[in-house]
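The values are calculated or read from the model by the stated rules, or taken from the named source; none is laboratory data. All figures in this text were calculated on a predicted structure; none of them were measured in a lab. Keep in mind that these areas ignore ligands, DNA and RNA; they rest on the heavy atoms of the full protein, side chains included. Shrake-Rupley method; radii C 1.70, N 1.55, O 1.52, S 1.80 Å.
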Amino acid sequence: MRRIAITFAATVSVVVLLFSYRTSTDSTPVAAGRPLGTQPARTTSPATPGSTGGGTFTGGAADTRYGPVQVQITVAGGKITEAQAVEYPQESGRDVRINAAAVPELNQETLQAQSAQIDTVSGATYTSEGYQQSLQSAIDAAHG
């Protein structure tokens, strides 16, 4: 009887954990799931709060399995005119190889999408997810 109770409790725990697990394919905004410590930082901006006139905005650093990822955007006329990762994993040769290809692609995707709703780069999932989180943080800062 005791084995049955333990098995039942373990099964319920696993089911609860499975239903509470969030995947990167859900449609919730990235900013809603922003981890603690990833508040946006405004670096420079002549724009007034609440406007999207222009300026440079740095998103909060998003912690990933391989290290932090932080994105900076430049906004002019309400559009993202430049996006660049100012911090990303570079600890190992593998990190350097993966991110040498992934970061430019993510920067380009940002300019095309004009939002944080960009595709994940195959082989650079963690960097892509961190990039999206930091990018959303920078966009939020740009909107005041």
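What is the extension gain from VAL12 to SER92, computed as 0.36 nm multiplied by their sequence separation minus the C-alpha to C-alpha distance, in nm to one decimal?
That pair, VAL12 and SER92, stretches by 24.8 nm at full extension.
Ordering TYR88, TYR66 by how much accessible area each has at a 1.4 Å probe, largest first, what is the list?
The ranking, largest first, comes out as TYR66, TYR88.
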